[in-house]
Amino acid sequence: MKKVSNVVLTIFSIGIIICLFAGGLSFLGYIVGLIVGGDTATNICTWVFKTYLPIVIIATSVFTGIGLIGMYFSRQKALTAKADKTDK
């Protein structure tokens, strides 16, 4: 089970890094549109918003789900709130 969780968490890590890079590319697309201006800028920004960003959002959601599955396999309890025993 440990090997499976390591593979799943590695896929999650690589996928999230790719999604972060893809988000940066969308910002770059808006900057290019700002520099170009006119109808071309409108087309670039519309493409980024209506076509590119939904794909990035879906990919981010999928990789986040993979990360949660990896946390389940590795039995991590990172998403739970537990009280310290030293607090009284």
Quick one: angle between helix 38-47 and the longest Cα principal axis of the chain, in degrees between 0 and 90, rounded to 10, please. 30
Can you give me the angle between helix 53-73 and the longest principal axis of the chain, using Cα atoms only, in degrees from 0 to 90, rounded to the nearest 10? 10
Ascending count of other beta-carbon atoms within 10 Å, so fewest first, for S5, S61: S61, S5
For the chain, modelled as a Gaussian network with Cα springs under 10 Å, which listed residue fluctuates most, V36, V48, V62? V36
Distance in nm between V4 and N43 label points, each 7 Å along Cα→Cβ, equals 5.0
Going 7 Å from the Cα of R75 in the Cα-to-Cβ direction, what parts of segment 1-31 have a backbone nitrogen less than 11 Å from that spot? 1-2
Theoretical ellipticity at 222 nm over the chain - DSSP helices of four or more residues, -39500 (n - 2.57) apiece, nearest 500: -26000 deg cm²/dmol
Stick to the Cα atoms of the chain, pair each with every other, and give me the Kirkwood hydrodynamic radius in Å at one decimal. 15.6
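None of the figures in this text is laboratory data; all of them are computed from the coordinates on show. Values in this document were obtained by computation on a predicted structure and should not be read as measured data. Cβ sites come from the backbone with ideal geometry, for glycine too, and all protein chains shown count toward neighbours.
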